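Structure first, then comments.
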Amino acid sequence: MNNWQREFIQKYYDYHWKEPLIEYFYKNPTLEDLMKDIINFIPKNAKRILGLGCKIGWLLWEIKRHRKHSYVLGVDISQKRIDIACKLFKAPKLEFFVADIVDFDTNYNFDCIVMVDVYEHILRNLREKLHQNLKKLLKQDGILILVSPTINFDRYFVSQYLKQFKNIKEDITKSDIQKLAKDIDRDLIYFKYLNIKYPNDYFKAIIGKTDFVYLKNFFKFIRLEKEKVRRYRMISNLGFKVSKQGLLLDSKKGIKICVVTPSASSYSQTFIRNHIENLKGEVLFLHGTVFPKYDWQNKLLDNYPKNLIFKLLKIILRNLLKEIFKLNNDFFYKKALERYFIKNKVNIVLAEFGHIGVSVMDICKNLDIPLVVYFHGYDLNDYRMLKIYREKYFELFDIAKALVVASKYMKNKLINLGADDKKIFVIPYGVNTSLFSNTNPEINQPIFFAVSRFVDKKAPHLTILAFKKVLEQLPQARLIMAGDGILLEACKQLVKALKILPYVEFLNICDSFEISQILKTVRCLIQHSVTTTYNDKEGLGVVFLEALASGVPVIATKHNGIPEVVIDGKTGFLVDEFNIEAMAEKMIILAKNSLLAKEMGNAASEYVRENFSLEKSSKSLQELLEKIVKNI
């Protein structure tokens, strides 16, 4: 494995350390049954057990619980995952180390080696080296337990993931496992296909000596730690809990902050995720499109008893109340939210978006809980939104203790709507400057990157038209577009109609890590944001900050708060809305002038790190919330 591959894998898994935590925190019968099978495969007399690619160590912890006298060692390439494992699971003769499994060496020999979701990431030219290492690590009568995805899973995988990650992912067939067995002087004594997400998408295998009777342990009933115990362990040892969408909620002592959002998960709303995950204290999380009906576990606040009799009684009583007092469901939702705030002793509520603030303002007022509302853009601009909420905003401005916006432009918009200037705080979005670090756009080919939702205000079709003009002068130019939305198919058709299909690549929704990797390969980021006919506008796109922090210049429009981030002529270029000729001209300038791209990129990185770091943004929001609670 070369340095680039090793670094990429380490960064990938350091970023995606939450996925195994979600698996651990929530009940997953399919995964748990697989873990039970693996534990049953392990000989009862195994003295030393090695887990290669152990993630956060959950499987090895369960192995240790059922093989109490064994020495269990976990190895993973991700420092972040090993740090979690060391904090989460502590027991005598249980250890975790960071290492590349191809080069891993120890003085011990092991009775059993377990590899789950690992072998497929070993490149074919490195397999022989790994096989030699496995042969050395295993005792003469030791066994290797292997679980890996098949080509059936890879068909889905290839359509979903980055090209960079496909390059470190190999297809695995039964013949590959037979060769592995032969190379380590053993036999493939057990092989079975599994249905994890799709039919025959995984397999499990045992490689060992033919005299190993793997069925001898199968009559033992394996009981894993209960979900309740696992959750307590995570909260106690790590100080946070995790939602099913991967949101980390701080559970340490401090003020109790309830964050209320329209959606449990939205790939485009990185700013909300950053707010939730970086607030300190005991953080609660509720969501609902118009009114918060669900908690952080996606459970209805106004739920029904599990007991069928009590459930029927509640339904009958509720229907009677509706009929007698002419009540609707909103009444019961509000009562449920009120009970939730009281039960959890909420100190302050942070409502993301103005209309969500409106939905909870009466309850906050009645319970004397301070309310802070963070406006993000369309809740201040969209005519359709203002038609419904404009009058209600006046009451919201009076009830809320603070109104937060991401730009000075949005502050002026709030003032024009009637908000008190003294209540308004400008706290820009922040960017993870450790993930989005300096790149070298000047050494990259003239590749342009556009990442956003395919919606009206992002105008991806105008980006494509500008790129078409660039191609007329620079046929070597390329465009990468990432995201999803109602205009995606129309944009694909436009690319086809313009006969530029070979020059444009459409990617699926990308997470922050994937975006950070793509930014390392491009010359600049482009986005042609516009004001729609119904006055919807961009807020302050986090993707601009991510690109600039990475040292990648940005070409965008003079739109809303974008000029507060993209400094025209210094960190990128700004053009008038709908002026595709001007955008194409600026794209050509950066494509031809690599030194200018480098100069702008360096200025951009410095500017964002000084003014828009995630630490600075989170600290400002935290201090505001604490100050409000303190002054009640």
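Some notes on this structure:
- Across region 491-612, Cα pairs under 8 Å and at least six residues apart give a relative contact order of 24 percent.
- Lys334 accessible area, 1.4 Å probe, all protein chains in place, Å² to nearest 10: 90
- Whole-number percent relative contact order across the chain, with pairs defined as alpha carbons under 8 Å at least 6 apart: 10
- Span-like helix criteria (full DSSP H runs; alpha carbon extent of at least 15 Å along the helix axis; mean Kyte-Doolittle hydropathy of at least -0.5) are satisfied in the chain by 29-41, 308-325, 354-367, 383-399, 460-473, 580-592, 614-630.
- A 1.4 Å probe run over the chain, with the rest of the protein chains in place, finds 45 Å² accessible per residue.
- For the pair region 437-489 and region 557-572, the centres of their Cα atoms are 18 angstrom apart.
- Measuring against 24 Å, Cα to Cα, the residue pairs Lys280/Lys537; Lys343/Lys630; Lys413/Lys468; Lys44/Lys228; Lys423/Lys616 contain Lys280/Lys537; Lys413/Lys468; Lys44/Lys228 as the ones spanning a longer distance.
- Rounded accessible area of Tyr429 (nearest 10 Å², 1.4 Å probe): 0
- Surface composition of the chain: carbon and sulfur atoms hold 52% of the protein heavy-atom accessible area at a 1.4 Å probe.
- Residue-count net charge about Leu137 - beta-carbon cut-off 10 Å; Lys, Arg +1, Asp, Glu -1: +3
- Highest-first arrangement of 174-182, 464-472, where packing means the average Cβ count within 10 Å: 464-472, 174-182
- Here is the size of region 506-562 from its Cα atoms: Rg then Dmax, 12.4, 36 Å.
- The sum of -39500 (n - 2.57) across all DSSP H runs of n ≥ 4, divided by the residue count of the chain, sets its helix-only mean residue ellipticity at 222 nm to -13500 deg cm²/dmol.
The values are calculated or read from the model by the stated rules, or taken from the named source; none is laboratory data. Predicted, not measured: the structure shown is a model, and the values here were computed from it. Glycine also receives a Cβ, built like all others from the backbone with ideal geometry; neighbour counts cover every protein chain displayed. Side chains included, ligands, DNA and RNA excluded: accessible areas come from the protein's heavy atoms. Shrake-Rupley method; radii C 1.70, N 1.55, O 1.52, S 1.80 Å.
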